Amino acid sequence: SSPLDIRLGEARGRGLRVIAMAKISVTVQKMTGEEKVIEADPQDKVSAIQNLVARDMGVPHLCQKLWIKNGTVSMMQRAIPGMGRKQEELIASLRPRDVAEIKAMARPPEMVMQMMAIVRYLLRYKGDDWRSSTKMMADTRAFLEALQQWYTTVQDIQSREVKKAKIIADQMAEDGKWSRQYFERISMLCSILYEWVELAFTMHKMWHNPGDVSAIEMEGFQTLDTYLGDDGEPTIQVTLVADYNAVFQRLQTGSQVDDALDALEVIAPKCPDKSLPALAKYLRSETERYREKSLKVVKGAFQEGDLSVAEALAQHFQNFYKNESEEALEALEHLGPANRRAMKCIITGMNCVRREVRAYVPRRKIKRVKPQVKYDDTDDSHAFRELCLDIFKQVEPELDTNEVIDDVMEAAVEGTKIKFGTRGAPEGMQKEVLDALAIVAPRNYDYALSLVLNRINPSEGQPQKLLVSSATKAASSFAQKEDPKLLEALAACAQNPEIEWEMPHLIVVAESYQQISASTSPFIETILQLLGQEPSEEAIAIDLLAKLAPKDHEEVIKRMQRYLREAHEKIHYDGPAVVRAAVQCLEQVASDQSLVEKAYERLINVLIHRCCGSIAAKGMDYGWVKRGRRPSKTHMFLMEVAEKRGGVKNIQLWNIASGFSSTITDVRFESLRIFKKISKSPEAQPVFVAFKVLDDNFSAFACCAAIDALLHTAPPNQPEVTDRLLLLLQSPECAVKTAALEALAKYTSPKTSFKDPAVKCLGDADPFVRRAALKRLIELELLQNEDVDGIISQCLADSSSDVVKLTLESFPGMQLSKEVLGKAAEFMDHADPMLRLEAKKLCSDYGVANAFKPHHVWPETDKDVRAWAGNA
């Protein structure tokens, strides 16, 4: 045995006398003099004492530091095995891949290199560079075992090696980098090694320099008998030191947050200056559990209606423009929304934007939503804004009106700038903050209007477009109709050349002006000047022009006609939204309907060319045609315009039908879909157009598309349609004959009139035509007459295996002669396995197996033939 084992055994031997004791009396004394005596078993853990202290003395477990003054050498030696077991548990929590992660680093961070240097000194491994550290970890299992067994060799570790390691650790501590939380950001291995090194330093000091240890801190994992004195008395005198910094350090680093929040419920009233910033942080956390615990802390630690705490907490929140939280709002509601700072924070929540969350964070659920409130599911902040508005309505009458107007106006106007920046979008102003302004502004209308006018026409400097647009939108919620001061100020802004308008701001100002006054808008000319500069806002601006411009406004009409002349390019680059807005604006403003008719006529032609023209289709996306997705916006726009104008005419139908001859398959499919579904004018003749395509005979696939279009657009029982389809059966093209045959089967009435041309097609030279004819005869049940044997015999003699197989499949349910059945049974000896299987099934159904004598043995039929022979 090593000297350490012998001395540890002696120390433990002295402890055996204590184990026989029934109880140990532990006296815990605070720095304030408060004491508590706890009776416990010798083998109880120190953590059990800490739990009782937390319960009875009001010091959370996380904040407790239990010290024993004047610890003896034997007490220190008894503590070493427990620390060693703690080291073993720490290392056992590591996985080999944690070591491999560090070992694979070619250029590790400086913190990793310093930690591994400390471990290298403590394990007495030679070398002083990173290569030496990687060699130390080369055998992962041996490395972890050396760490676990280190405490058994603590008596052999020289102070010189430990001193070198301690110098590195002290330097890192001075730099603020010696903590588990810091190492957790780097790797799991380094964070575990931090605790291992701390225990190693303590054990080495207790063994080699016990005189330097003035007091011993009790560890939660140790048993109580470890800390008994040498006199054998079953008493332990403990000094309790409350370390609140441990709680705030964990809250700052995000480590053991649950325990820290539990401790905060006790210590928050004692140190609100540090507690409130931490609570403000976790009340707006992305983790719902942390938010709920923080709210519980606020309600448990602070009294309801504590306005001073409400003001301090709101100061840390600042505003709810972006990262809002229902728990934070409920905390302010508990503490006292009547405080102006708290109410100001709540007011900003009425203008919050939709929450931006990371992809891996689940969206928050608002628990206090009124069931009758309906809102857009994509706006997950709507319920929060509604809650803020409810609180505002309850508390606002008790507050100073002018102060509330100031705060609401700032949230509405200045808040937009805070949320979106100087190039912000004033349309982001939320409805709830405007509702609040509409509630409070009428109580002092002149004061509220003066705030708006000061932002529209400031006394110093030039107006800012964002403030002008935001203030105008805010004014629209409460301003009196035709207010002369407001209209005069807005007209001056419209004529002010110093304002560099951008379309989003200009749209908001023009819309707000329209809500306030029914007079002609002074912003029409400015909107026309900015059109085209921001394509994303063009359609919205044109829609607004349709509402603002008076009838027959010359500039507006010219500009809309220009858009329609450039419709092809506009649709190609920007989509149909701008062109749709332009034609609707022209229809609204122009009194001359001939202009509108020509515009729509030109637009329909452009859209047809975009959708059905082979040249224009080069830049189109037809992927939706085969994948079953919704049609593109351009195709839907064409259908919409055609229906609105009463349908397309013959010439336009012909332009659509020209797409039948496209070499692009998707263009043909789309042209056919449009031809069949588009609205047609009463004078349009789709049958005539389809006949013209067939007469011109562009190509086989064009004729097939025309036949399909003819089938869907022709009125029923038209002799000329039937005659044309019969004529197409003489076409040299297989695809055309097949398409005509399929159409004839669906179109002819009564169906018996289809039999003669179909039977005639059974003698066609092309097997696809023969198969199509036979298939339709079977589907229409036209093979039940007295001449069925002749038709079936003809089909069984066909050279195409597909025709023969289809014939054999049609036998069930037919009354056939024995001669025909015998011919069918002969196919059990055919070279095609599919025909053999069908013939075998037929023989079983009709009982003609005994008459069949095979010449060959086939795997599909051998077993059945032998069975039939045995029965015979």
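The values are calculated or read from the model by the stated rules, or taken from the named source; none is laboratory data. Note that the coordinates shown come from a computational prediction; the quantities given were computed from them, not determined experimentally. Cβ atoms come from the backbone with ideal geometry, glycine included; neighbour counts cover every protein chain shown. Please note that ligands, DNA and RNA were not included when accessible areas were found on the heavy atoms of the full protein model with its side chains. Shrake-Rupley method; radii C 1.70, N 1.55, O 1.52, S 1.80 Å.
Structure values in brief
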{"read-out": "C-alpha long axis of helix 686-696 to longest principal axis of the chain, angle in °", "value": "70"}
{"read-out": "Exceeding the 22 Å Cα-Cα cut-off - candidates Lys570/Lys598; Lys69/Lys164; Lys431/Lys473; Lys760/Lys805; Lys840/Lys863", "value": "Lys69/Lys164"}
{"read-out": "Between region 199-264 and region 532-570, the alpha-carbon center distance in angstrom", "value": "77"}
{"read-out": "Neighbour-limited loop hits for GluC sites (Glu not before Pro), region 422-496 (at most 10 other Cβ within 10 Å; DSSP other than H, G, I, E, B)", "value": "Glu460"}
{"read-out": "Given charges at beta-carbon only (K, R positive; D, E negative), |dipole| of the chain in Debye", "value": "1660"}
{"read-out": "Packing rank of 391-397, 309-315, where each peptide gets the mean count of other beta carbons within 10 Å, highest leading", "value": "309-315, 391-397"}
{"read-out": "Scattering profile of the chain at q = 0.07, 0.11 Å⁻¹ [log10 I(q)/I(0), Debye over alpha-carbon scatterers]", "value": "-0.89, -1.23"}
{"read-out": "Helix axis angle, 272-283 relative to the chain longest principal axis, alpha carbon, degrees", "value": "20"}
{"read-out": "Zero-based 10 Å bins, Cα pair distances in region 198-242, whole percents", "value": "20, 53, 27, 0"}
{"read-out": "Across Lys649/Lys692; Lys633/Lys746; Lys177/Lys205; Lys649/Lys676; Lys775/Lys823, pairs whose alpha-carbon gap is larger than 25 Å", "value": "Lys633/Lys746"}
{"read-out": "Kirkwood hydrodynamic radius (C-alpha pairs) into Stokes-Einstein, region 160-305, 37 °C and 0.692 mPa s, D in µm²/s", "value": "178"}
{"read-out": "Where labels lie 7 Å past Cα in the beta-carbon direction, separation of Met834 and Glu534 in nm", "value": "6.3"}
{"read-out": "Asn605-Ser800 FRET efficiency (beta carbon distance; Förster radius 51 Å; 0.05 resolution)", "value": "0.60"}
{"read-out": "Span from the region 383-403 Cα centroid across to the region 658-705 one, whole angstrom", "value": "64"}
{"read-out": "Simple label model, 7 Å out from Cα along Cβ direction - Lys485 to Ala215, nm", "value": "6.9"}
{"read-out": "Carbon + sulfur, % of accessible area of the chain - ligands and nucleic acids excluded, 1.4 Å", "value": "49"}
{"read-out": "For region 687-776: relative contact order, % (alpha-carbon pairs under 8 angstrom, 6 or more apart)", "value": "23"}
{"read-out": "Surface accessible to a 1.4 Å probe, per residue, for the residues of the chain, Å²", "value": "48"}
{"read-out": "Label-point separation in nm, Arg107 to Ala438, each point 7 Å along Cα→Cβ", "value": "6.2"}
{"read-out": "Packing-based ranking, highest mean first, of 338-345, 269-276, 742-749 given that Cβ atoms within 10 Å are counted", "value": "338-345, 742-749, 269-276"}
